[in-house]
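Report on one structure; see the data block that follows.
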Amino acid sequence: MKQQQYSKEYKVGIYVRLSKEDLQAGESLSIENQKLILKKHVKEQNWHEVETYVDDGYSGVNFERPGVKRLIADVESGRINLVLCKDLSRFGRNYIQVGQYIDYIFPLHNTRFVALGDNVDTIDKDNANLDMMPLLNIFNEWHSKSTSKKIKTVIEANARAGKYRATKAPYGYVKGTCEKKLPVIDEPAAAVVRKIFEMRSQGISPNHISQVLNDEKIPIPSDYEAQRTGKPPVRKSNHYWCKTGIVGILKNQTYCGDLVMLKTEKQSYKTNKIIKKDESDWVVHHDTHEAIISRDLWAKVREIEASVSQGKRDSRGDTLPLSGMLICGDCGYKMKMSYNNTTNGSKKLPRIYRRQNYNCGNYCRSGRLACTSHYINLKDITQIILDDIRAKATAVVADEDKARKRFLANKAQITDKQLILNQRELVSAEKRVAELDKLMQTVYEDKVNSKIPEDVCVSLLEKYKAEQSDLSERVTGLRAELDRQSQDENDIDEFIRRIRKYAEVEELDRAMALELLDRVYIGAKDVEVREIGIHYKLLGEFSG
C-alpha cells in the first residue's frame with residue numbers, strides 16, 4: 001500500500017477531555033490547563049489552530065462524545081489535518097477504538113496525530129513511543145476499568161451504609177443536610193404526592209389523575225423545581241402532567257419512608273447503557289426518613305396496580321364500580337358493557353337513562369362461533385354481589401370466630417385436625433433426619449475402626465441416605481404448607497377487617513369493589529342454574 005503523505009501546512013484540531021473521575025486529579029487535568037499547554041505548543045510549531053473540541057464530563061471508554069464526533073467529522077471533510085491532545089488517555093481509553101483511529105482512519109485522511117505528553121507523533125515512524133502506543137492504550141483502558149470498579153465499590157458501600165447519593169431527591173422531597181443527605185419533606189409538593197396516591201387507591205387511572213392535575217393547574221415536578229430554586233429546567237417539556245410521570249411517582253418506594261438503592265447498573269464500563277438489576281440484589285433500608293404516605297396506602301396502591309381491573313371511564317368521565325372485573329366464565333374474556341335499545345316512543349332515550357348491561361367480549365366481537373351469550377344486566381349483577389358482601393359482613397359481625405374458620409377452611413382447603421397432624425409430622429420428621437445424621441456418622445466410624453465389614457457399611461449408608469432424602473423432601477413440603485397456612489390466616493384476618501364494615505351498606509361503589517373484589521365470573525345465560533363466581537381479594541372464591 002502506498003504510504004500516506006502528510007501536509008506541511010497543518011490545520012490543527014485541539015482535543016481536550018475531562019471525565020467526572022478525572023476531577024479528583026485536580027488542576028493538572030483541567031480543561032483550561034489542557035488548552036493552555038496545547039495552544040502554546042501550536043504557537044511554538046507555527047501551526048494554524050482551526051478549532052478546539054471539548055468533551056467536559058465524558059468518559060473516554062466510548063467514542064459517542066459530541067466533541068470527538070465533531071472532530072472526526074472535520075478530519076473526514078479535510079477541515080483539519082492534525083489532531084493534537086495532551087496524551088492518549090485524553091483522546092480515549094478504549095484501546096481498540098483508539099488504535100483504529102490512529103492506525104487506520106487518520107492515515108486514510110492524511111491526518112497527523114500528536115499526543116504531547118506521551119511523545120507520540122504519527123509522522124515520526126522511528127519513534128519508539130509509537131511502537132509502545134498499543135501498550136499505552138491497553139494501560140489506559142485498564143486504568144478506566146480499574147477506576148470504574150473502585151467507583152462501583154464506593155457507590156455500593158455508600159448504599160449499604162444508607163447514604164443517599166442521588167443527584168436530587170424525588171418530587172415531594174429535598175435533599176437533607178445531614179451526613180447521609182436523607183430526603184426531607186417539601187410540603188407543597190408532598191401534598192400533591194399524597195393526592196396522587198389517594199386518587200389511585202380509589203381506582204382512578206394514572207391518565208385520569210394527570211388530567212385532574214392539569215385541570216387544577218398544578219405545576220409538573222420540573223416546573224415546580226424551577227419555581228422553588230429559581231433555576232431553569234434542565235430539560236424541555238410541554239409543562240403538562242402525563243401518565244408516565246404519575247406511574248413513576250406511584251412506583252417510588254421513597255414515599256413510604258424507605259431508601260431503595262442499587263436498582264440499576266451500567267451494563268459495562270465501556271457503555272452508558274443502564275440495565276435493571278434483579279429485585280433480590282437491591283439494597284433497601286426501611287424507615288430512614290419521614291414518609292409522605294402511610295404503608296397502608298402504599299400497600300393499597302400496590303394492590304390496585306396488581307388488580308385484574310384497571311377500569312375505564314364512561315362518557316360522563318365516571319368509572320363504574322365493576323369496570324374490568326367481570327369475566328366470561330366459559331372463555332375467560334372480559335365482559336363488555338353496552339346499552340340496550342330502550343326507546344321512548346320513536347326516540348331513543350339519552351344514554352344515561354338507558355339500561356346498562358354486560359356480555360362476553362369475545363361473543364360481542366366474534367359471534368356464536370367464539371362463545372355464547374353471557375348477557376347480564378348491570379343492576380342485577382351489582383345486586384347479587386352487594387347481597388353476597390352484606391351476607392359475609394353480617395356473618396363476621398354475628399360470630400367472627402366461626403366466620404374466620406369457615407373462610408380459612410374455604411381458602412386453605414385444610415381442617416384444624418389436618419393442621420395439627422401436619423405440625424406433629426413435621427416435628428417427627430425433623431427429629432428423624434437428625435437421628436439419621438448420627439447413625440451415618442456412627443456407621444462410618446465403625447467401618448474405620450473395623451467393627452463392621454465394608455459391604456455392610458455401604459449398604460447401611462445407602463439405606464440411611466435414601467430415607468433421609470425422602471424425609472428432607474417431606475419436611476420441605478410440610479414447612480411450605482404450614483407457611484402457606486400462616487399466610488392464609490393473615491389474609492383472612494385482613495379480609496375480615498375489610499368486610500365487617502359493609503354489613504349494612506346500601507350501594508356498591510368503586511372504592512368498595514376495589515377493596516374487596518378480585519374478579520367475578522359470569523356463567524352462560526341460557527342454562528337452568530346460572531353460575532356466578534365471586535372471587536374476593538385475600539379470600540378467593542367462597543364456596544361455603
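Dipole of region 173-306 (Lys/Arg Cβ +1, Asp/Glu Cβ -1, origin at the Cα centre): which of ALA291, ILE274, ILE204 lies farthest to the positive side?
Farthest towards the positive end: ILE274.
Can you pull the Rg over Rh of region 173-306, Cα-only, Kirkwood? Working shown, then result.
Numbers: Rg = 16.1 Å, Rh = 16.5 Å.
Here the Rg-to-Rh quotient is 0.98.
So how do PHE407, PHE63 line up by other beta-carbon neighbours within 10 Å, fewest first?
Details: PHE407 27, PHE63 16.
Exposure proxy ranking, most exposed first: PHE63, PHE407.
Convert each backbone phi in region 67-79 into a coupling constant with the Karplus relation 6.51 cos²θ - 1.76 cosθ + 1.60 (shift: θ = phi - 60°), then list the ³J(HN,Hα) values in order as whole Hz, x for Gly and Pro.
Those phi angles translate into x, 5, 5, 5, 4, 4, 4, 6, 5, 5, 7, x, 5 Hz.
I need VAL397, VAL12 ordered by Cβ neighbour count within 10 Å, fewest first.
By the 10 Å Cβ count, ascending: VAL397, VAL12.
Do any of LYS181/LYS263; LYS231/LYS277; LYS175/LYS263; LYS405/LYS525 go past 23 Å between their Cα atoms, and which?
Check vs 23 Å cut-off fails for LYS231/LYS277; LYS405/LYS525.
May I ask you to derive the FRET efficiency for GLN423 and GLU290 from their Cβ-Cβ distance with R0 = 35 Å, giving the value to the nearest 0.05?
The computed FRET efficiency comes out at 0.25.
Which order do TRP241, TRP47, TRP282, TRP298 fall in if you start with the one that has the fewest other Cβ atoms within 10 Å? Let's see the in-between values first.
Details: TRP241 25, TRP47 18, TRP282 15, TRP298 21.
With the sparsest Cβ surroundings first, the list reads TRP282, TRP47, TRP298, TRP241.
Could you tell me the center-to-center distance, by alpha carbons, between region 491-522 and region 178-219 in angstrom?
Using only Cα atoms to place each centre, the spacing works out to 26 Å.
At LYS402 and THR442, where each label point lies 7 Å from the Cα along Cα→Cβ, what is the point-to-point distance in nanometres?
Roughly 5.4 nm, to one decimal.
Suppose every K and R has +1 on its Cβ and every D and E has -1 on its Cβ; what is the size of the dipole of region 173-306 about the Cα centre, in Debye to the nearest 20?
On the way: 22 positive and 18 negative charges, 134 e Å.
Charge dipole of region 173-306: 640 debye, to the nearest 20.
Excluding SER459 itself, what net charge comes from residues whose Cβ is under 12 Å from its Cβ, given Lys and Arg +1 and Asp and Glu -1?
Net local charge, SER459 excluded: 0.
Estimate the FRET efficiency between ARG365 and ASN207 by the formula 1/(1 + (r/R0)^6), using the beta-carbon distance for r and 25 Å for R0, to the nearest 0.05.
0.55
Taking amide H atoms as placed 1.01 Å from N in the peptide plane, list the residues 5 or more away in sequence, or in a different chain, whose amide H sits under 5 Å from that of LYS336.
So LYS336 has HN proximity to ASN359, CYS360, GLY361.
Could you list, in their original order, any pairs among LYS35/LYS276; LYS379/LYS537; LYS163/LYS251; LYS195/LYS334; LYS243/LYS336; LYS300/LYS501 whose Cα atoms are separated by more than 28 Å?
LYS35/LYS276; LYS195/LYS334
Read the figures in this text as sums done on the coordinates, not as results from a lab. Quick caveat, the model's predicted, so the values are computed rather than measured. As a convention, Cβ positions derive from the backbone with ideal geometry for all residues, glycine included, and neighbour counts pool all protein chains shown.
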